[in-house]
1. Which one of the conditions (1) at pLDDT below 90; (2) open to solvent by less than 100 Å² (accessible area, probe 1.4 Å) does residue 4 fail to meet, given that it meets all the rest?
2. Mind checking whether some residue in the range 20-42 is exposed (fewer than 10 other Cβ atoms within 10 Å of the Cβ), modelled with pLDDT of 95 or more, assigned to a helix (DSSP H, G or I) and out of contact with any helix residue (DSSP H, G or I) (no Cβ under 7 Å at 6 or more places or on another chain)?
Amino acid sequence: MELTWRAWKALSRTEKAQFLGLFREQNARDRQRAAMARKNGHAARGRVSS
């Protein structure tokens, strides 16, 4: 955890902004995919077993 924090602190403001932008985009896609799966009757991590 300490190593991760040091690496984050070493990034420039621009690099942090780029990372956060990509992270938010991926998170939005993941949430949309999970919502579509629920809408189609599937669990977020696979099919619902009955």
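The values are calculated or read from the model by the stated rules, or taken from the named source; none is laboratory data. Since we're looking at a predicted model, the values are computed, not measured. We place every Cβ from the backbone using ideal geometry, glycine too, and count neighbours over all the protein chains shown. Quick note on the areas: whole protein, heavy atoms, side chains included, nothing else; ligands and nucleic acids left out. Shrake-Rupley method; radii C 1.70, N 1.55, O 1.52, S 1.80 Å.
1. Only one criterion in (1) at pLDDT below 90; (2) open to solvent by less than 100 Å² (accessible area, probe 1.4 Å) is unmet by residue 4, namely (1).
2. no
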